[in-house]
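Heads up, the thing below is written out as structure tokens.
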Amino acid sequence: MVTLVEMDSHVTVFQQMEDEGGPVILINKFEVTPEDVDQFLAAWATDANLMKRQPGFVSTQLHRGISGSTVFLNYAVWESAAHFKRAYGNPEFQSKLQDYPSCAVASPHLFRKVEVPGICAA
């Protein structure tokens, strides 16, 4: 079972799921031990395939730290926080969390693009 550690000490991911705005980006950092990488990847792939079938899912990409790192970063795009909340609460998804290695630590957080004139478009 994966352990949840909040990324922001002021706003939880569960509070963020109550947001009523438009598209959101889920950033989820995972940490595992080297011997549990294969189990983690299998569990994540199962979850990603389940999430792909949920209303409001747009896309996802998993990244791994380089040089033997066992830190992973999932980047997923959702039409809204409400869509993500429904998918996260899906009983099938919740039952799959037990498939992660017991050492797995996840830090999920929802984001939106920020406009910075001349650098980043919103």
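The values are calculated or read from the model by the stated rules, or taken from the named source; none is laboratory data. Small disclaimer: the values here were computed from a predicted structure and weren't measured. All Cβ positions, glycine included, derive from the backbone under ideal geometry; neighbour counts span all protein chains shown.
Observations on the model:
- Matching option when the condition is closer than 16 Å to P23 by Cβ, among the basic types (K, R) and modelled with pLDDT under 95, among K113, K85, K96: K113
- Lone qualifier among E18, E31 - being over 17 Å from Y88 (Cα atoms) and charged (D, E, K, R): E31
- Among residues of region 2-24 that are without any contact (Cβ under 8 Å) to a residue 24 or more places away in the chain, those with a Cβ under 9 angstrom from a residue that is among the basic types (K, R), sequence gap 6+ or separate chain, pair up as F14/K85.
- Failed condition for P108, given (1) touching a residue at least 60 places away in the same chain (Cβ under 8 Å); (2) more than 19 Å from E6 (Cα to Cα): (2)
- Restricting attention to region 67-91, the residues that are hydroxyl-bearing (S, T, Y) and free of Cβ contacts under 8 Å to residues at least 12 places away in the same chain total 2.
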